[in-house]
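The structure appears right after this line, and notes come after that.
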Amino acid sequence: MTDANCAEHHCSCFGLHIRSQIALPEIDECPPHRQPSLPLVAVRRGDLGELEPYFREGSDRLHVEDSGVAFSVAGVARYLVKDGREIVVDAIPGASPRSIRLFLLGSAFGILCHQRGLTPLHANAIVLQGEAVAFAGPTGAGKSTLAAYFLSRGCHLLCDDVCVVSFDRDGAPLAWPGPPRLKLWRDAVASLGHDDESLERVVEGHHKFHMPFSRGLGDGPFPLRRLYVLGAAPAQSDTSFRRLRGVDAIDAIFAQTYRNRFLGRMGLRARHLQLSAAIARRTEIFVASRQWGFGVFEREAERILQHAGRRQSGLTPSLAC
């Protein structure tokens with residue numbers, strides 16, 4: 001498909017105005033005139049067949065060159081991310097549009113954020129009293145399930161899965177809205193009292209679903225006040241919170257950075273450590289250790305919400321949401 005016969009779609013996400021030849025139903029569309037305060041990113045279709053030799057079997061399917069960073073997903077598409085401003089998508093014939101968008105909105109935009117000097121955290125975030133509180137952790141830590149619970153408690157959800165952080169003129173970290181959808185496994189959907197029959201699957205054949213949500217907020221961004229790194233507590237132990245400072249806080253931010261394994265190949269590791277240090281200086285970082293399992297989920301989630309709502313002013317979580 002050539003550029004000339006591709007319709008354009010406009011949407012806003014991650015603090016960027018996106019002009020795309022690929023429809024992105026996961027993101028709310030916006031007027032075509034660009035918001036002056038948001039950088040423009042173009043997504044277009046193109047032929048990247050000449051890059052295929054770099055994606056040989058057994059490689060990491062990532063190629064870095066002067067023109068940008070390219071990667072390939074077998075059976076789905078090739079992607080080229082250029083200068084933090086453009087993403088070229090070369091879809092494999094017959095590939096699922098959902099799968100194409102999954103890696104476009106995931107790895108491709110993660111790389112683009114790194115190119116722009118932004119910090120994409122593998123985290124979701126809620127807004128308490130006008131400030132963002134983010135929750136990170138390894139795959140399976142229950143980040144999205146926790147976010148869905150907070151949403152049911154009346155909290156405003158800012159983003160799920162990826163929380164993009166920039167800085168204001170004074171060096172304070174800011175968290176930006178992401179796509180207004182949660183990604184939940186079937187058992188998590190059921191545990192929260194929802195029926196997955198009406199939900200769209202993230203990828204065909206998988207029991208993970210998109211659950212749309214309404215932010216009820218402005219366009220953001222919001223100051224990033226806290227980051228919780230979710231972990232498992234020892235058996236029979238209560239939920240505990242341990243504050244990280246200094247190098248430990250910086251290491252935690254780096255470890256929870258989305259697609260951090262690409263940074264070395266991109267030559268951005270040193271810069272990203274500086275960004276992690278800048279976030280650590282202005283954000284409270286905690287390790288939240290809790291019991292996992294649906295039988296104790298609500299109790300553990302409430303303890304985390306109570307801790308997140310505590311401030312020196314003594315505000316309660318119910319007032320903070």
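Things worth noting here:
- If you go through region 86-127 and keep only what is farther than 27 Å from residue 274 by Cβ and of a type in the set (S, T, N, Q), you end up with 96, 99.
- Single residue of region 74-103 satisfying the filter (more than 22 Å from residue 16 (Cβ to Cβ) and β-branched (Val, Ile, Thr)) that is surrounded by the most Cβ atoms within 10 Å (Cβ to Cβ): 76
- Residues that are modelled with pLDDT under 95 and either among the hydroxyl-bearing types (Ser, Thr, Tyr) or over 20 Å from residue 121 (Cα atoms) (or both) within region 98-108 comprise 98, 99, listed in sequence order.
- If you filter region 249-287 down to residues that are basic (Lys, Arg) and within 19 Å of the chain's Cα centre (by Cα), you find that the one that is nearest to residue 143 (Cα to Cα) is 259.
- Residue check, residue 135 in contact (Cβ under 8 Å) with a residue 24 or more places away in the chain, touching a Lys or Arg at 6+ places or on another chain (Cβ under 7 Å) and surrounded by 24 or more Cβ atoms within 10 Å (Cβ to Cβ): yes
- Tallying residues that are more than 12 Å from the chain's Cα centre (by Cα) and assigned to a helix (DSSP H, G or I) within region 113-127 yields 2.
- Number of residues in region 234-275 that are of a type outside the set (Asp, Glu) and assigned to a loop (DSSP other than H, G, I, E, B) equals 11.
- Any hit, region 99-112, residues being outside any strand (DSSP E or B) and either outside the structural domain of residue 71 (by TED's automatic domain parsing) or at positive phi (or both): no
The values are calculated or read from the model by the stated rules, or taken from the named source; none is laboratory data. In this text the structure is predicted, and so the values were computed from the model without any measurement. Glycine gets a Cβ as well: all are built from the backbone with ideal geometry, and neighbour counts include every protein chain shown.
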